[in-house]
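What follows is a set of notes on a single structure, which appears directly below.
The values are calculated or read from the model by the stated rules, or taken from the named source; none is laboratory data. Owing to the predicted nature of the structure, the values given are computational and were not obtained by experimental measurement. In this analysis, Cβ positions are derived from the backbone assuming ideal geometry, glycine residues included, and neighbour counts consider all displayed protein chains. SASA here: full protein model, heavy atoms, side chains in, ligands and nucleic acids out. Shrake-Rupley method; radii C 1.70, N 1.55, O 1.52, S 1.80 Å.
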Amino acid sequence: MKWKKAPGLGIGASISDNVVKLVKGGSIGGTNHASGASWTSSDSYFTYGSSSDLWGLTWTPADVNGAGFGVAVSATTSTGLVSLLLSAQVDHIRITVYYSVPLPVTFRNFFAIPDQSAMKLKWSTASEANSVRFVAEKYSEINAEWIPVDSVIAAGNSSIEKKYEAFDKSPGDLNIYRIRQVDMDGRFMFSKTITAGFHTRGITRVKIFPNPVQDKIQINSPDPLLHVKMLSVEGKEMFNLIPGTGCRNITIPVENMLPGLYFLQIQTSLGTDVEKIVHH
């Protein structure tokens, strides 16, 4: 707020703020932020409150955006010993409103697993606010864009964990997925992206052992191995190997991996295969 008092008010004369409150719905209320500071004879700005101060009131967006929102100011005058005329003015007031926008959805545990001829996408949410639907999307390298593959109805509003499933009925050898959450007002946000491989043509002659595995895994193929990759169920890449030219047998140490389910993606000249691997 920018204030000013008239000069030459007389010996000992002063003007100070008496009441500084906010107006909500057309009514003055809340905490009085007047400090009792004396106004100066030159233009001066003074700040009341802070970014975390609610001024003793509760607020909604409708309160702040309503016609009855504002500020109320009164001042106290003191004539001093000798005074002719007291006058003061406030020629500029600015109200700064600080706010935070909560995320409509908190995503958890997004991963993809092969399910017969489709890829099953599974995820959960820790909380939701005004959510309408979830759209599973896959990245198309041909078109360089995200395309929808499935859609499910959202919970709307929830403070407990909700679990969801969607399906990609035409997965490729290697797929990149994300989930788009859509609000009631049309706004949206995205989950993290994950990568998941899928069995397409099959390489039945490749042998993978042992499975379950503990410290190392052996891959034997009658055809040269072109690419070997392992992913966690969350889509995290554990290793990505390009064996040497003509390599048909490879041993991969896995003793540092955590116990759980993994997907081993193997590519040869015959195609790409994805096998489930259990690590103990």
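Numerical summary
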quantity: Scan of the stretch 130-148 for residues that are open to solvent by 40 Å² or more (accessible area, probe 1.4 Å) and either in contact (Cβ under 8 Å) with a residue 12 or more places away in the chain or more than 22 Å from Asp185 (Cα to Cα) (or both), ordered by number; calculated: Asn130, Val132, Arg133, Tyr139, Glu141, Ile142, Asn143, Ala144, Glu145, Trp146, Pro148
quantity: Checklist (1) surrounded by 14 or more Cβ atoms within 10 Å (Cβ to Cβ); (2) in contact with a Ser or Thr (Cβ under 8 Å, 6 or more places away or on another chain); (3) under 19 Å from Lys122 (Cβ atoms) applied to Gly260, failing item; calculated: (1)
quantity: Qualifying residue in the stretch 81-93 (condition: more than 26 Å from Gly29 (Cα to Cα), open to solvent by less than 80 Å² (accessible area, probe 1.4 Å) and at pLDDT 80 or above); calculated: no
quantity: Residues being open to solvent by less than 20 Å² (accessible area, probe 1.4 Å) and closer than 11 Å to Pro104 by Cα - total across the stretch 168-198; calculated: 3
quantity: Selected residue [open to solvent by 20 Å² or more (accessible area, probe 1.4 Å), β-branched (Val, Ile, Thr) and under 18 Å from Lys236 (Cβ atoms)] from Ile153, Ile113; calculated: Ile113
quantity: Residues within the stretch 212-233 that are closer than 27 Å to Leu121 by Cα and surrounded by fewer than 14 Cβ atoms within 10 Å (Cβ to Cβ), tallied; calculated: 1
quantity: Candidate set: the stretch 28-55, residues that are assigned to a loop (DSSP other than H, G, I, E, B), out of contact with any Asp or Glu (no Cβ under 9 Å at 6 or more places or on another chain) and open to solvent by 60 Å² or more (accessible area, probe 1.4 Å); chosen: the one farthest from Ile93 (Cα to Cα); calculated: Ser52
quantity: Residue match in the stretch 111-119 (condition: part of a strand (DSSP E or B) and at pLDDT below 85); calculated: yes
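Residues are listed down the side, and each one gets a yes or a no for (1) in contact with a strand residue (DSSP E or B) (Cβ under 7 Å, 6 or more places away or on another chain); (2) of a type in the set (Val, Ile, Thr):
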{"site": "Ser117", "(1), (2)": "no, no"}
{"site": "Lys120", "(1), (2)": "yes, no"}
{"site": "Ser124", "(1), (2)": "yes, no"}
{"site": "Glu137", "(1), (2)": "yes, no"}
{"site": "Glu141", "(1), (2)": "no, no"}
{"site": "Val149", "(1), (2)": "yes, yes"}
{"site": "Val152", "(1), (2)": "yes, yes"}
{"site": "Asn157", "(1), (2)": "yes, no"}
{"site": "Lys163", "(1), (2)": "yes, no"}
